[in-house]
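The values are calculated or read from the model by the stated rules, or taken from the named source; none is laboratory data. These numbers come from a predicted model, not from an experiment. Here the Cβ positions follow ideal geometry from the backbone for every residue, glycine too, while neighbour counts run over all protein chains shown.
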Amino acid sequence: MIHNIITALESLRPGSQWVMRGDSYSNLDWMPDNQESRPTEQEIQDEINRLNAAEPMKLLREERDKKLAETDWWALADRVMTSEQTAYRQALRDITLNATPSMVTEGMPHMIGKLDPNSVTWPVKP
C-alpha cells in the first residue's frame, strides 16, 4: 500500500542511522554503531503490514478531527449547543468505535491512498 521499508524503519528504530541503496532489504546498509538494533527482514515486513492496516483508521481520525474542528465554535462558553449539535459532535467522536474505513486503491490517481469516502457513513451535520 503506502508504507515501505523506510517508513517501517522510522517506526521500528526512530533515530537510527542507515542508508538505503535501492528498495529491498538487501540494499539496506546499517551504520556500524547500530548493528545490534538492525531489524530482521521479517520484522520490517511485519511493521509495513501493521502500518498499512492502521492507515485507514488513522485517516478516519484525521477527517473526524477536521469535522469536529469545524464545529468547535458551537461549544464556546457564550453559546448553548442545540441537542442536534451535541448529538452530531458525539457521533463524530464515536465514529471510530464501529466504522471499518478503507482506502482508495484504484481509480483516480490523486485519490489513491486516501480515505474511501464511501467506506464511512458520516453523521449528518445539523
Would a scan of the stretch 26-33 turn up a residue that is surrounded by 14 or more Cβ atoms within 10 Å (Cβ to Cβ), farther than 15 Å from HIS3 by Cα and aromatic (Phe, Trp, Tyr)?
yes
Answer from ASP78, ASP29 - the residue that is among the acidic types (Asp, Glu) and part of a loop (DSSP other than H, G, I, E, B):
ASP78
Within the stretch 105-123, is there a residue that is farther than 13 Å from GLU63 by Cα and of a type in the set (Lys, Arg)?
no
Within the group GLU63, GLU41, which residue is modelled with pLDDT of 90 or more and under 21 Å from ILE95 (Cα atoms)?
GLU63
Does THR86 satisfy the criteria of being of a type in the set (Ser, Thr, Tyr) and either modelled with pLDDT of 95 or more or closer than 30 Å to PRO126 by Cα (or both)?
yes
Residues of the stretch 98-120 classified as among the aliphatic types (A, V, I, L, M) and either at pLDDT 95 or above or in contact with a Pro (Cβ under 7 Å, 6 or more places away or on another chain) (or both), total
3
Is it true that GLU10 is acidic (Asp, Glu), touching a residue at least 24 places away in the same chain (Cβ under 8 Å), within 24 Å of GLY113 (Cβ to Cβ) and assigned to a helix (DSSP H, G or I)?
no
Please pick out the residue among GLU43, GLU106, GLU47 that is touching a helix residue (DSSP H, G or I) at 6+ places or on another chain (Cβ under 6 Å), under 19 Å from HIS3 (Cβ atoms) and among the acidic types (Asp, Glu).
GLU47
Residues of the stretch 71-126 being surrounded by 13 or more Cβ atoms within 10 Å (Cβ to Cβ), free of Cβ contacts under 8 Å to residues at least 24 places away in the same chain, within 21 Å of GLU55 (Cα to Cα) and among the β-branched types (Val, Ile, Thr), which ones?
VAL104, ILE112
Scan PRO39, PRO101 and give me the residue that is under 30 Å from PRO126 (Cα atoms), in contact with a Leu (Cβ under 8 Å, 6 or more places away or on another chain) and not in a helix (DSSP H, G or I).
PRO101
